[in-house]
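Here's the structure, in structure tokens; my notes come after.
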Amino acid sequence: MLVKQISVFLENKIGRLAEITELLGQNKINIRALAIADTTEFGILRLIVDNPEKAQEVLEDRGFAAKQTDVIVVKVADKPGGLAGILKELKKSDLNVEYLYAFVKQSGENALVVFRIENTSEAIKVLQGMGVEIISPEEIYSL
Amino acid sequence: MEEGKNSIEFIRREELEKIQVNRLKKTIERANNSPFYKNIFKKEGIHPEDIRCTDDIRKLPFTTREDLRENFPFGFIALPLNKIVRVHTSTGTTGKPKAIFFSKRDVDEAAGLIARCMRMTGAGPGDVFQNMMSYGLFTGGLVFHYGAEKAGVLVIPAGAGNTEKQIELMRDFKTTIVHITPSYALYLADILEEKGIDPEEELNLRIVYLGAEPYSQKTREKIEKIYGVNAFNCYGLSEMNGPGVGFECPLKDGLHIWEDNFILEVVDPLTGEPLPDGKEGELVLTTINREAMPIIRYRTGDITFIYPQVCGCGRTHRKISPIKGRTDDMFIIKGVNVFPSEVERVLMDTPEVARNYQIVIERERSLDIMRIRVEIKKRFFDGSLEHLKELQEKIKSKVKSELMVTPRVELLEPGTLPRTTGKSKRVIDKRRL
């Protein structure tokens, strides 16, 4: 159920992003989704790729601080209010969403959204309870 | 005290040297009451009778910053504690600071020297003096304050910072003299300009004492022009009472050291060999008129030279050049002395960061900014932005509480900073002085 996200520590240098994407490209690693969280001084690049193990390896070899983080990817109906319903339900269950971001690619009529929630197992229960479709890692990596 | 041409400021050199020899002998006698010097004098067989001329000071050992630290707090006091009325500590030190003790007489003598400096620059009764240096443990506030009162001026103990209030005080009380750091003088000028106040027209300033930070002749001229004042360079260090150790006369070419209170030497920083006047080296000072805490041949770490020629003003006390640098890697920021090793100690206590670091000092709107650049450790990184922010905050507050300077903290990717062998260049000072 849990997808491995790659988090990379970045100083705020635009060039570093180019370097990472190029490095992954050279190693035939495909980026499915990405998001940057930053402050004025530094940031974290979050990546969903088709081969997280290899991605972490090549990034660390190049000297980057890279970690795998568990995230949940769900299918959200691509219509107004689609995401709102899910967030409301999570809040009701006292589950704190640390961050979320959407996929680059869509899957049919649905949007894919990445959730980082502290209590992942509880979150999965809540999401399944609402009938939200959770995407398996295999499905993501082979998109 | 006698003023004018008959005063101690214009005393003949032979007379001055007689005073020095007598006072140095007395200093050795006094110092022998302190645990630190008693031990050293005994070990090296030093007696007051060994001193027959000023040059005999070379028979005495040096005292270093480390000696003061290691013997903190009472190892240097030469009087019973009940004869001591004040203590100041040095700024910007972690762990053991340097403590400097004053007897009632010491407080009075230090004030007398400041008063002498102020009169030399033309200050006196009728002047309104606003002291913009930090009060408290730092000597620039209280020591100068007492001296100014002794000089008979009206003193406003404004303290550092709070720019709005400073401006209000200057206007309300028609301040004629300020004691200020050069960087704050420039910052204040910016604020005055923003407020549309012309410092030359709307303020009553005529004299500015610039201290606690090194600066260039250009900066002085800029400040003189903006405020329409005479700006004088002052040099001091808490170990030698604080401000007023060296002070410019109206010729503004070099700082007179009051040689009836201090014996001055310039030595080769590596060998410790005394250098002739005119040669650049490390300034070494001995207090010869202090009773609570005599300090002998103190290695200041400041680089300067002694002017070989007599000053055109007629004062016989020799002059040193403005401080040209340091023998160590100490730097001064917002008037606070900072040693990179102190920043290092804070970082060493922070397991999340690597050993490699860099300190960048910049000037932003005339104010000094210290940026600490440090690499995070790979194993600390867990993908959380919050944790990084917390780490940044933690380093910031630790440095602030230990060094009294608030830094900006930059977290870097592992391996970003240049790896250097030996004494790497940790400090990058981008300020143009």
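The values are calculated or read from the model by the stated rules, or taken from the named source; none is laboratory data. The model shown is predicted, which means the values in this text are computed figures rather than measured ones. Here the Cβ positions follow ideal geometry from the backbone for every residue, glycine too, while neighbour counts run over all protein chains shown.
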Item to complete: Scan the range B:284-294 for residues that are closer than 21 Å to B:I77 by Cβ and not in a loop (DSSP other than H, G, I, E, B) and jot them down.
Response: B:L285, B:T286, B:T287
Worksheet item: Does the range B:21-49 hold any residues that are over 29 Å from the mean Cα position of the chain (by Cα) and surrounded by 13 or more Cβ atoms within 10 Å (Cβ to Cβ), and which are they?
Response: B:I46, B:P48
Fill in: Condition met for A:N96 (within 14 Å of chain B (Cβ to nearest Cβ) and farther than 25 Å from B:E413 by Cα)
yes
Fill in: Output for the range B:118-164, where each listed residue is over 21 Å from B:S238 (Cα atoms) and of a type in the set (S, T, Y)
B:T121, B:T163
Worksheet item: Is it the case that A:L87 is assigned by TED's automatic domain parsing to the domain that holds A:Q128 and in contact with a strand residue (DSSP E or B) (Cβ under 9 Å, 6 or more places away or on another chain)?
Response: yes
Worksheet item: From the set of residues in the range B:95-121 that are within 30 Å of B:M348 (Cβ to Cβ) and crowded, with 19+ Cβ neighbours inside 10 Å, which is modelled with the highest pLDDT?
Response: B:I100
Worksheet item: If only one of A:I14, A:I29, A:I72 is in contact with a Ser or Thr (Cβ under 7 Å, 6 or more places away or on another chain), more than 11 Å from every other protein chain (Cβ to nearest Cβ) and either farther than 19 Å from B:S384 by Cα or not polar (S, T, N, Q) (or both), which one is it?
Response: A:I72
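Matching residues to (1) aromatic (F, W, Y); (2) assigned by TED's automatic domain parsing to the domain that holds B:I28; (3) on the phi < 0 side of the Ramachandran plot:
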position: B:L237; (1), (2), (3): no, yes, yes
position: B:G242; (1), (2), (3): no, yes, no
position: B:F247; (1), (2), (3): yes, yes, yes
position: B:P250; (1), (2), (3): no, yes, yes
position: B:V267; (1), (2), (3): no, yes, yes
position: B:P274; (1), (2), (3): no, yes, yes
Worksheet item: Does the range B:367-378 contain at least one residue that is out of contact with any strand residue (DSSP E or B) (no Cβ under 6 Å at 6 or more places or on another chain), within 14 Å of chain A (Cβ to nearest Cβ) and either free of Cβ contacts under 8 Å to residues at least 40 places away in the same chain or within 30 Å of A:Q5 (Cβ to Cβ) (or both)?
Response: yes
Worksheet item: For the range A:11-40, how many residues are part of a loop (DSSP other than H, G, I, E, B) and buried (at least 17 other Cβ atoms within 10 Å of the Cβ)?
Response: 1
Worksheet item: Looking only at strands (runs of 3 or more DSSP E) that fall completely inside the range B:295-388, which ones have 1 or more residues that are among the polar types (S, T, N, Q)?
Response: B:298-304, B:336-338, B:353-364
Item to complete: Among what's in the range B:309-348 and is of a type in the set (G, A, S) and closer than 26 Å to B:I180 by Cβ, pick the residue that is surrounded by the fewest Cβ atoms within 10 Å (Cβ to Cβ).
Response: B:G325
Worksheet item: In the range A:41-69, which residues are within 10 Å of another protein chain (Cβ to nearest Cβ) and among the polar types (S, T, N, Q)?
Response: A:Q68, A:T69
Discussion item. Among (1) without any contact (Cβ under 8 Å) to a residue 24 or more places away in the chain; (2) surrounded by fewer than 20 Cβ atoms within 10 Å (Cβ to Cβ); (3) within 28 Å of B:G325 (Cβ to Cβ), there is one condition B:K165 misses while meeting the rest; what is its number?
Written reply: (3)
